[in-house]
Amino acid sequence: MKTEAIIQMMEWVPSVVGIIWVFLTILLLITIKVVRQTQSEKSAQFSNLIFLLLASCWLHPTYIFGLQTSAGFLGCFLTLAITLIMIYKLQSVSKLAASLMAPVLLWSGFASLYTFLLLL
């Protein structure tokens, strides 16, 4: 299947980005709450890192739709990488918190693929 055909099948993506990020924001806020309740010595540090991830996620539409496509891909891929690292590190603090971040990982992976296809 050609890249143009795949991109045409993904025409719905820009119309759902806002709704998806509202959902993901709620999950990340719940993740912060779960991490803070663990009473781990690293819980404050993880909470702050998740909050920074949340802030970068809210910039997602800016670097996908507002900047050049290459910057959009780089932003999406960076969010994907940070989320993957956070999930790995969070498993030692709270498996629930790590699981709550899985949808962010999935969406960031999909967004990375989408912006990569736009580059071709």
Discussion item. Between (1) 1.07; (2) 1.03; (3) 1.10, which entry matches Rg/Rh (Cα atoms, Kirkwood Rh) as derived from the coordinates of this structure?
Written reply: (2)
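Is there a quick way to get the dipole size of the chain? I mean about its Cα centre, with the Cβ of Lys and Arg at +1 and of Asp and Glu at -1; what is the value in debye to the nearest 20? Please list the in-between numbers first.
Numbers: 6 positive and 3 negative charges, 79 e Å.
Dipole about the Cα centre, nearest 20: 380 debye.
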Item to complete: Among the lysines, select those whose C-alpha is under 23 Å from the C-alpha of residue 33, and discard any that sit fewer than 8 residues away in the same chain.
Response: 42, 89, 95
Worksheet item: Relative contact order for the chain using alpha-carbon pairs under 8 Å, separation at least 6, rounded to a whole percent?
Response: 31
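Evaluate E = 1/(1 + (r/R0)^6) for residue 41 and residue 110, where r is the Cβ-Cβ distance and R0 equals 41 Å; express this FRET efficiency to the nearest 0.05. Mind dumping the intermediate values first?
Working: r = 35 Å, r/R0 = 0.84.
Plugging the Cβ-Cβ distance into 1/(1 + (r/R0)^6) gives 0.75.
Here, each number is a calculation from the coordinates, and none is a lab measurement. Source: prediction; values computed, not measured. Cβ coordinates were reconstructed from backbone atoms using ideal geometry, including for glycine residues, and neighbour counts include every protein chain displayed.
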